[in-house]
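What follows draws every value from the coordinates through simple rules; no lab data is involved. Please read these numbers as outputs of a predicted model, since none were measured by experiment. Cβ atoms come from the backbone with ideal geometry, glycine included; neighbour counts cover every protein chain shown.
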């Protein structure tokens, strides 16, 4: 328990070890540690950046998909509209065409009726003349009685 | 080594033997040599040196330097493995502690704290070697009569370190604050007055209080470490007096508890050194 030269010896060796540590141990170790810390921080930062970029890309992709969907539905509805139009047009055309056909048929029919009536008229007049001839048992001048006959025919 | 009936040493002799350093110094009759027993060592006074303390302390200090030098050589920014990782973790821990507690700027504080932490830890670690292993081996094969293998149980070693820290405190105190500032810190606190005459009376009182506070720092620093390790060592020696079959029942729990003590004491010494030097660096 005596205080002796060991005290000074210990102080000297302490100083020497600290000096050694200060020169050869601390600076390289702490330098490496700091550098590694910086590298790790950098890595983390770039990872963060990457994650952000990915998020942005995902957002963009989502946007694109939404746009595409909207466009597609627009196109579909346009097509539907167009097809409806076409059907409508076709209907219209068909109706017009049928009307036309009907009208021409009607005209032909009218024509037929008129000509038939005309023929019938002729027939009736001759039948009437014949009938009159038979009734009168004598020759009647068709020409003299034409006005009478015409009146008769107009009444048919 | 438990006491054996007959030719073995008595308990008192055994304990005294284990608490005696291998002291080499100047005998009262003038010749230099090894002291045999505590009395002769005491007679040598200051002109003596504890060879065992110095040997183990320098050996362990060199071991620390070698280990960390190798770690420093291999240090790079890659992923550290195993042993390298341990060294770097210790350095990082010391560095973090300094960042928390030391606000000045100094190239010395890092290496100083690292040396203190690891060196004191290694010296304390010697306490966990069973108390008789190394002294017996040295006595048998080296003929060395005394051997204390835990340098920190020698008050010279702990005080040598704490006084070095004290010298640094004074040095940085004067360097940072100037001689005037340093003296003012000793004499103008804690009592001060605007009246010049009252101040003159207060100066001796302040000086007394501050000098006690200042001196108590290295004393408590060195004696705390010494006391803890000395007490621990003594308990191990007392346990070694038990019959050999029973020793493990006490020595194992005490050693496990001591693992905490040796780490804690090394940390406290380092922490207080940082705090004291921080105080020396701070401007008021």
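Mind checking which strands (runs of 3 or more DSSP E) fall wholly inside the stretch B:19-135 and carry at least 1 residues that are more than 9 Å from chain A (Cβ to nearest Cβ)?
Values: elements: B:23-26, B:32-34, B:48-50.
The qualifying strands (runs of 3 or more DSSP E) are B:23-26, B:32-34.
For the stretch A:16-38, does any single residue satisfy the condition of being within 14 Å of chain B (Cβ to nearest Cβ), within 30 Å of residue B:35 (Cβ to Cβ) and surrounded by 12 or more Cβ atoms within 10 Å (Cβ to Cβ)? Let's see the steps before the verdict.
Residues of the stretch A:16-38 that are within 14 Å of chain B (Cβ to nearest Cβ), as a first pass: A:16-38.
In the following step, the residues that additionally are within 30 Å of residue B:35 (Cβ to Cβ) were identified as A:16-17.
Filter again for surrounded by 12 or more Cβ atoms within 10 Å (Cβ to Cβ), leaving A:16-17.
For the stretch A:16-38, residues within 14 Å of chain B (Cβ to nearest Cβ), within 30 Å of residue B:35 (Cβ to Cβ) and surrounded by 12 or more Cβ atoms within 10 Å (Cβ to Cβ): present.
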